[in-house]
Amino acid sequence: MSWVVLLLSGVLEAVWATALSASHGFRRWKPTVLFVAALALSMAGLAWAMIELPTGTAYAVWVGTGAALTVGWAVATGRERADTARVLLLSLLIVSVVGLKAVS
(Lines give C-alpha, C1' and ligand atoms only; values in the text may rest on other atoms or scores of the structure.)
Protein backbone atom coordinates (compact mmCIF):
# COMPACT_ATOMS: atom_id res chain seq x y z
CA MET A 1 0.00 0.00 0.00
CA SER A 2 2.92 2.35 0.71
CA TRP A 3 4.06 2.09 -2.90
CA VAL A 4 0.61 3.01 -4.21
CA VAL A 5 0.42 6.02 -1.90
CA LEU A 6 3.95 7.02 -2.90
CA LEU A 7 3.15 6.88 -6.61
CA LEU A 8 -0.06 8.86 -6.11
CA SER A 9 1.97 11.41 -4.17
CA GLY A 10 4.36 11.61 -7.12
CA VAL A 11 1.41 12.29 -9.42
CA LEU A 12 0.30 15.06 -7.06
CA GLU A 13 3.83 16.48 -7.18
CA ALA A 14 3.41 16.89 -10.93
CA VAL A 15 0.03 18.54 -10.32
CA TRP A 16 1.39 21.07 -7.84
CA ALA A 17 4.44 21.84 -9.98
CA THR A 18 2.24 22.50 -13.00
CA ALA A 19 -0.24 24.54 -10.93
CA LEU A 20 2.63 26.57 -9.47
CA SER A 21 3.70 27.56 -12.96
CA ALA A 22 0.13 28.32 -13.98
CA SER A 23 -0.38 30.55 -10.93
CA HIS A 24 2.03 33.14 -12.38
CA GLY A 25 3.63 33.94 -9.03
CA PHE A 26 0.45 33.27 -7.04
CA ARG A 27 -1.41 35.98 -8.99
CA ARG A 28 -4.10 33.62 -10.31
CA TRP A 29 -6.27 32.19 -7.56
CA LYS A 30 -7.52 28.90 -9.07
CA PRO A 31 -4.06 27.47 -9.86
CA THR A 32 -2.84 28.79 -6.49
CA VAL A 33 -5.57 26.90 -4.62
CA LEU A 34 -4.81 23.77 -6.65
CA PHE A 35 -1.10 24.20 -5.88
CA VAL A 36 -1.70 24.43 -2.12
CA ALA A 37 -4.07 21.45 -2.03
CA ALA A 38 -1.90 19.21 -4.23
CA LEU A 39 1.24 20.19 -2.31
CA ALA A 40 -0.33 19.34 1.05
CA LEU A 41 -1.68 15.99 -0.16
CA SER A 42 1.57 15.14 -1.93
CA MET A 43 3.67 15.84 1.16
CA ALA A 44 1.25 13.95 3.40
CA GLY A 45 1.39 10.93 1.11
CA LEU A 46 5.18 11.04 0.98
CA ALA A 47 5.33 11.24 4.78
CA TRP A 48 2.92 8.32 5.13
CA ALA A 49 4.84 6.17 2.66
CA MET A 50 8.11 6.92 4.48
CA ILE A 51 6.77 5.15 7.56
CA GLU A 52 7.37 1.83 5.78
CA LEU A 53 9.80 2.70 2.98
CA PRO A 54 13.40 3.87 3.32
CA THR A 55 13.73 7.65 3.10
CA GLY A 56 16.16 7.69 0.17
CA THR A 57 14.11 5.28 -1.91
CA ALA A 58 10.81 7.00 -1.15
CA TYR A 59 12.17 10.44 -1.95
CA ALA A 60 13.84 9.31 -5.18
CA VAL A 61 10.65 7.61 -6.39
CA TRP A 62 8.52 10.62 -5.40
CA VAL A 63 10.77 13.12 -7.17
CA GLY A 64 11.33 10.88 -10.19
CA THR A 65 7.65 10.23 -10.67
CA GLY A 66 6.76 13.89 -10.27
CA ALA A 67 9.54 15.10 -12.55
CA ALA A 68 8.77 12.61 -15.33
CA LEU A 69 5.05 13.39 -15.24
CA THR A 70 5.65 17.14 -15.11
CA VAL A 71 7.86 17.03 -18.19
CA GLY A 72 5.50 14.59 -19.89
CA TRP A 73 2.60 16.98 -19.35
CA ALA A 74 4.66 19.92 -20.63
CA VAL A 75 5.55 17.98 -23.78
CA ALA A 76 1.94 16.82 -24.27
CA THR A 77 0.65 20.40 -24.00
CA GLY A 78 3.35 21.80 -26.28
CA ARG A 79 5.16 23.85 -23.63
CA GLU A 80 8.36 21.83 -24.05
CA ARG A 81 9.93 19.96 -26.93
CA ALA A 82 10.33 16.18 -26.99
CA ASP A 83 13.81 15.90 -28.47
CA THR A 84 15.74 12.65 -28.52
CA ALA A 85 17.97 13.44 -25.55
CA ARG A 86 15.03 14.49 -23.37
CA VAL A 87 13.05 11.34 -24.20
CA LEU A 88 16.05 9.10 -23.52
CA LEU A 89 16.83 10.78 -20.21
CA LEU A 90 13.22 10.65 -19.06
CA SER A 91 13.09 6.98 -20.03
CA LEU A 92 16.20 6.39 -17.92
CA LEU A 93 14.52 8.19 -15.02
CA ILE A 94 11.40 6.02 -15.31
CA VAL A 95 13.49 2.84 -15.56
CA SER A 96 15.38 3.96 -12.44
CA VAL A 97 12.14 4.43 -10.48
CA VAL A 98 10.94 0.97 -11.56
CA GLY A 99 14.37 -0.41 -10.63
CA LEU A 100 14.12 1.03 -7.13
CA LYS A 101 10.83 -0.76 -6.67
CA ALA A 102 12.32 -3.99 -8.01
CA VAL A 103 15.23 -3.98 -5.56
CA SER A 104 13.19 -2.93 -2.53
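Every condition in (1) under 19 Å from Leu6 (Cβ atoms); (2) surrounded by 12 or more Cβ atoms within 10 Å (Cβ to Cβ) is met by Ala102 except one, and the failing one is (2).
Please work out if Phe35 is modelled with pLDDT of 95 or more, among the aromatic types (Phe, Trp, Tyr) and on the phi > 0 side of the Ramachandran plot. No. Suppose the filter is of a type in the set (Gly, Ala, Ser), in contact with a helix residue (DSSP H, G or I) (Cβ under 8 Å, 6 or more places away or on another chain) and not in a loop (DSSP other than H, G, I, E, B); does Ser91 pass it? So Ser91 fails the test. For region 52-88, the set of residues classified as under 19 Å from Val11 (Cα atoms) and exposed (fewer than 12 other Cβ atoms within 10 Å of the Cβ) consists of Thr55, Gly56, Ala76, Thr77, Arg79, listed by residue number. For beta carbons closer than 9 Å, sequence separation of 6+ or different chains, a first residue in region 37-57 that is free of Cβ contacts under 8 Å to residues at least 40 places away in the same chain and a second that is of a type in the set (Ser, Thr, Tyr), the qualifying pairs are Ala38/Thr18; Leu41/Ser9; Ser42/Ser9; Met43/Ser9; Ala44/Ser9; Ala47/Ser9; Met50/Ser2; Met50/Tyr59.
Mind checking whether some residue in region 5-20 is surrounded by 16 or more Cβ atoms within 10 Å (Cβ to Cβ), over 14 Å from the mean Cα position of the chain (by Cα) and under 19 Å from Trp73 (Cα atoms)? There is no residue in region 5-20 that is surrounded by 16 or more Cβ atoms within 10 Å (Cβ to Cβ), over 14 Å from the mean Cα position of the chain (by Cα) and under 19 Å from Trp73 (Cα atoms).
For (1) part of a helix (DSSP H, G or I); (2) closer than 17 Å to Ser104 by Cβ; (3) among the hydroxyl-bearing types (Ser, Thr, Tyr), each residue gets a yes or a no:
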| residue | (1), (2), (3) |
| --- | --- |
| Val4 | yes, yes, no |
| Trp16 | yes, no, no |
| Ser21 | yes, no, yes |
| Thr32 | yes, no, yes |
| Ala38 | yes, no, no |
| Leu41 | yes, no, no |
| Leu46 | yes, yes, no |
| Glu52 | no, yes, no |
| Tyr59 | yes, yes, yes |
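Scanning region 21-47 for residues that are surrounded by 14 or more Cβ atoms within 10 Å (Cβ to Cβ) and closer than 22 Å to Ser96 by Cα returns Ser42, Met43, Gly45, Leu46.
The values are calculated or read from the model by the stated rules, or taken from the named source; none is laboratory data. Please read these numbers as outputs of a predicted model, since none were measured by experiment. Please note: Cβ atoms are built from the backbone with ideal geometry, for glycine as well, and neighbour counts cover all protein chains shown.
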